[in-house]
Amino acid sequence: MLKVLIADDEPIMLEGLRFLVDWHKLGFEIYAEALDGEDALQLVEENCPHLIITDIRMPVIDGLALIEKVYTRFPDTKFIVLSGYADFQYAQQAMKFGVSNYLTKPLDETELESAVLAVAEDIRAEEERRALQRSILDRSRAETVSRLLMGDVRKEWVDKARSLLKLHEQSRIRCIYLACSNSEYSEQERVSLFQRLREAVDLNGLTDVSVHPFELGINRSGFILAVDSKESVLTIPLIDQFVSHIRKECGETFTFAISSEVRGVISLSRAYQEALTAEVCKFPSNLPRVYYYQDKIVEESPSIPEVTKTSLIQAINYGNVDAVRTLTLDLFMTLSSSEAWAAANLSTLKLEILQELAQQGADMENWSRRWFASPLPKNVGELKNSLLKEFLEAAEWTAREKGARIDDIVSAAEAYVKQHYQGKLQLQHVAEHLHVNAAHLGQRFKKQRGLAFNEYVHTVRITEAKKLLLRTEMKITEIAHMVGYSDPEQFGAKFKALTGVIPSSYKKG
């Protein structure tokens, strides 16, 4: 129900307003009444209503002063003014403070009902507009967090982090990764979780700490805690308090994996990798199913050989499916001795591969949801099969994308020839301009267009020469130079080869 306050210095008017219309039917309830503006203002400050219906002439503080004071502090409040004919000038003046309507005394039931319904419609429209704006802003914030977590630190996303998330180079950040044991974890429960988290932040008096949620897949999400501070604020005891508060409110459904405290927005990706590692390796802590990343243990533990990791990422980038299969199987030869560490290392590797795919235009939100939709298998055999399937998927996607890009490059080569046919054109020069291998471009060009690159250049030049022969009085030698031939004899020979006649005969028709 929307709340309405009525203010009038005549008790009979208050009683009349109370019963003149069916307030509940209109979606309102009268929560307070006042006989003067001063009492009305005090009631507003205690509990601001959606709508105030007020007389203009009242003792102590008149209706106009009441409207101005309330509008200054609570600009979303709506007003309906009650006025006698003599007060019409005051009613007009009140309009600049957002008065929705004014009604003349004695009141008419139909007019009051129409005015109240109009206010209700305005309030609903404004709430819908604000909800839409919040939704758009939340989506933009979520995308920004997702991009930064995946290591995309281009200026666009760093700037958005500053403006939307208030994250800066000096921000202190922890990434907290959640795993939910409840397979029926709903969207409403997820929203409730983040509300509880914000409450926990407020209860600890940390009003400067910002909370930014993110989602990685079904029943797996997390949030960023960030604060601008010279001192370390996001301490383990404080995080333990947050977790305890959330569990008290939401139950024992969640596992928490928490990164170390990092500095700066560009460190978000590292914080995310640390949280993934903590979740997989389950480092011990003071609370059950709460795992803090422990850098010292990680440094002393085996990791993926750099040459193996680099080779695998390159094979995926080249779309080499056979090499990806071989390298993935080789990878598990180095990790099979430790199931937990295999999972931890491969979680980080998956993130690096997704970052590479993002550079090629992959939809990171879609890929991350699928690749991190459920926990990695702990059994090494199952883990190997799962990762092999995902890495092959990435290689096949890259191969398709490279094929599509080559098609685009052939079209780009054609466009370049049409713009520069008057000058010296060589395949090597065009390939360098398009940043591709010349031999590969030549092969692809012939396969797609059915003729060699040089023959295509001659075709474009002769086509332009035919236009000049028919439309101008230029000499044949001039036309030859105009379309890119320094030797008129070569021009004549190529013209005849492609048209069946020499240039002079073509010009005569």
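The values are calculated or read from the model by the stated rules, or taken from the named source; none is laboratory data. A quick note: this is a predicted structure, and the numbers were derived from the prediction, not measured. Glycine gets a Cβ as well: all are built from the backbone with ideal geometry, and neighbour counts include every protein chain shown.
Among residues belonging to the range 254-263 that are out of contact with any Leu (no Cβ under 6 Å at 6 or more places or on another chain) and crowded, with 17+ Cβ neighbours inside 10 Å, point out the one that is nearest to ARG154 (Cα to Cα).
Only one residue fits best here, namely VAL262.
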**Report entry** Tabulated pairs, the range 120-137, first farther than 22 Å from SER100 by Cα and not assigned by TED's automatic domain parsing to the domain that holds PHE28, second in a helix (DSSP H, G or I) and of a type outside the set (Gly, Ala, Ser), C-beta under 9 angstrom, 6+ apart or interchain
**Finding:** LEU137/LEU164
Requested in this report: Could you list, in sequence order, all residues of the range 108-164 that are assigned to a loop (DSSP other than H, G, I, E, B) and under 30 Å from LEU349 (Cβ atoms)?
Outcome: MET150, GLY151, ASP152, VAL153, ARG154
Query raised in the report: Consider ALA323 against the criteria (1) buried (at least 21 other Cβ atoms within 10 Å of the Cβ); (2) more than 29 Å from the chain's Cα centre (by Cα); (3) modelled with pLDDT under 80; (4) under 23 Å from TRP367 (Cα atoms): it satisfies all of them except one. Which criterion is unmet?
Result: (1)
Query - Residues that are surrounded by fewer than 21 Cβ atoms within 10 Å (Cβ to Cβ), at pLDDT 85 or above and hydrophobic (A, V, I, L, M, F, W, C), drawn from the range 264-310 - result: ILE266, LEU287
Query - Positions within the range 419-450 being exposed (fewer than 13 other Cβ atoms within 10 Å of the Cβ) and within 30 Å of LYS508 (Cβ to Cβ), in sequence order - result: GLY423
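Output the residues belonging to the range 38-66 that are part of a helix (DSSP H, G or I) and either closer than 18 Å to THR104 by Cα or in contact with an Asp or Glu (Cβ under 6 Å, 6 or more places away or on another chain) (or both). Give the derivation first.
In the first step, residues of the range 38-66 are kept if they are part of a helix (DSSP H, G or I); the result is 38-46, 63-66.
Hits for the range 38-66 are GLY63, LEU64.
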Report task. Could you please give the count of residues in the range 136-171 that are over 8 Å from the mean Cα position of the chain (by Cα), surrounded by 14 or more Cβ atoms within 10 Å (Cβ to Cβ) and farther than 20 Å from ASP228 by Cβ? Result -> 3
Report task. Examine the range 72-81 for a residue that is part of a helix (DSSP H, G or I) and out of contact with any Cys (no Cβ under 9 Å at 6 or more places or on another chain), and state whether such a residue exists. Result -> yes
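I'm checking my understanding of the structure. Among residues of the range 239-282 that are among the small types (Gly, Ala, Ser) and part of a helix (DSSP H, G or I), which one is nearest to the chain's Cα centre (by Cα)?
Pass one, the range 239-282, residues among the small types (Gly, Ala, Ser): 244, 251, 257, 259-260, 264, 267, 269, 271, 275, 278.
Keeping just the survivors that are part of a helix (DSSP H, G or I) gives 244, 267, 269, 271, 275, 278.
Details: SER244: 30, SER267: 18, SER269: 16, ALA271: 19, ALA275: 21, ALA278: 26 Å.
It comes out as SER269.
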